[in-house]
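The structure appears below as structure tokens.
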Amino acid sequence: MDDNETTVRIWLDIAYDGTDFSGWARQPTRRTVQGELESGLAKVLRLPEVALTCSGRTDAGVHARGQAAHADVPAEAWEREGEALLRRLAGVLPKDVRVSGARVAPPGFDARFSPLYRRYLYRVSDAPYGVDPLLRRDVLWHRNPVDVDRMNEAAARLVGEHDFAAFCKKREGATTIRELLRLEWERVDTHLVHGTIQADAFCHNMVRALVGALLAVGDGRRGPEWPGEVLGAAVRDSSVHVVGPQGLSLEEVRFPPPGEMAERARSTRRVRELPCPGHTE
């Protein structure tokens, strides 16, 4: 892109079935959501390349209904193709990824740093016979029956701002402090439970590790106090099982009003620290 060229930031709403993708992030030899979208956008906008920034880099096999991303593109390309972008993308993208919305972003918008929270949904079946074959891409099978009351008792001890190092895969230079806003389970059918996990942001493997710990409580292998004890240790615990990605979907990314986007992005970029090391109030 020419340094003197006028650009606009476009905001995209994205959904995908993650089963056949090696996650969101572009990889040179693997099929990824980012790779397919960037290729499709470059083709439709007639550009050499397009670089996307998303709200949450989902793992291999994880789905999304409410993913958001942004890209900075030449204003001329947007003006030429903007109105027809969704229809044209539908013609070039594979069927397991869709762009449902595209518009010029408000000032200060950043898909990664502007969100107030991300909300995930985990669908888990505890049916003795496994998962309905028609739902096998969307539901995780847990072999033993679970008690959602026990799971919610344990979950309540994890809500709030904590260092989630015990449930995260460590990345150099990245904080593991997060504010968990909501962690709730409900039985929606005889053998189907839904877990809602909502936070300002998530570190690597955090959702799948939290769910693994709570399922161990739900089926009686651990007591309701155990996940809180693991959290308090603030180190990765090998006894926490990271469950499979099927059944996990990024359902919503919530942003502040347009006038507050820039300030939210600035505040999110600041490295947060708890009042004292290991504090898990």
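Here segment 1-50 and segment 86-153 have alpha carbon centers that stand 19 Å from each other.
The alpha-carbon of Lys169 sits under 15 angstrom from the alpha-carbons of these aspartates and glutamates, leaving out residues fewer than 8 places away in its chain: Asp59, Asp237.
Rolling a 1.4 Å probe across the protein heavy atoms gives segment 191-231 an accessible surface of 26 Å² per residue. Amide H to amide H, with H built 1.01 Å from N, Val50 comes under 5 Å of Ala42, counting only residues 5 or more places away or on other chains. Peptides 240-253, 47-60 ranked from most to least packed, by the mean per-residue count of other Cβ atoms within 10 Å: 240-253, 47-60.
If you count, for each residue, the other Cβ atoms within 10 Å and average over each peptide, how do 40-46, 86-92 line up from highest to lowest? Spell out each step's value before the answer.
Details: 40-46: 19.1, 86-92: 14.3.
Peptide ranking by packing, descending: 40-46, 86-92.
For Thr7, the solvent-accessible surface computed with a 1.4 Å probe is close to 70 Å², ligands and nucleic acids excluded.
For segment 1-119, which whole-number percentage of the solvent-accessible area (1.4 Å probe, protein heavy atoms only) is attributable to carbon and sulfur atoms? Write out the running numbers ahead of the final one.
Numbers: 2700 of 5860 Å².
Ligands and nucleic acids excluded, carbon and sulfur give 46 percent.
Please identify every one of the GluC sites (Glu not before Pro) in segment 1-47 that sits in a loop by DSSP and has no more than 11 other beta carbons within 10 Å of its own beta carbon. Those satisfying the criteria are Glu5.
Using θ = phi - 60° in the Karplus curve 6.51 cos²θ - 1.76 cosθ + 1.60, the 3J(HN,Hα) couplings for segment 101-112 round to x, 8, 7, 5, 6, x, x, x, 5, 9, 4, 7 Hz; x is entered for Gly and Pro.
Please report, in debye to the nearest 20, how large the charge dipole of segment 90-248 is about its Cα centre when each Lys and Arg carries +1 at its beta carbon and each Asp and Glu carries -1 there. Can you show the working numbers first?
Numbers: 22 positive and 20 negative charges, 134 e Å.
Charge dipole of segment 90-248: 640 debye, to the nearest 20.
The share of accessible area on segment 180-260 that comes from carbon and sulfur is 46 percent, using a 1.4 angstrom probe.
Taking amide H as placed 1.01 Å from N in the peptide plane, Gly223 has no amide H partner under 5 Å among residues 5 or more places away or on another chain. Backbone geometry of segment 113-120 corresponds, through the Karplus equation with coefficients 6.51, -1.76 and 1.60 at θ = phi - 60°, to 3J(HN,Hα) couplings of 9, 7, x, 7, 6, 10, 10, 10 Hz, x marking Gly and Pro.
Entry comment: accessible area of segment 67-133 is 46 Å² per residue, from protein heavy atoms only and a probe of 1.4 Å. By the helix-only formula, in which each DSSP H run with n ≥ 4 contributes -39500 (n - 2.57) and the sum is divided by residues, the chain has a 222 nm mean residue ellipticity of -7000 deg cm²/dmol. Remark: accessible surface ordering of Trp78, Trp185 (largest first) is Trp78, Trp185, probe radius 1.4 Å.
The mean sequence distance of close C-alpha pairs (under 8 Å, at least 6 residues apart), as a share of the length of segment 187-265, puts its relative contact order at 28 percent.
Computed over segment 110-149, relative contact order equals 38 percent, with contacts defined as Cα pairs under 8 Å that lie 6+ residues apart.
Rounded to the nearest Hz, the phi-derived 3J(HN,Hα) couplings of segment 63-70 under the Karplus curve 6.51 cos²θ - 1.76 cosθ + 1.60 (θ = phi - 60°) are 9, 8, 10, x, 5, 10, 8, 10, where x marks glycine and proline.
The values are calculated or read from the model by the stated rules, or taken from the named source; none is laboratory data. Model, not experiment: these values are computed from the prediction. Positions of Cβ are backbone-derived with ideal geometry, glycine not excepted, and every protein chain shown enters the neighbour counts. Surface areas here come from the heavy atoms of the whole protein model, side chains and all, with no ligands, DNA or RNA. Shrake-Rupley method; radii C 1.70, N 1.55, O 1.52, S 1.80 Å.
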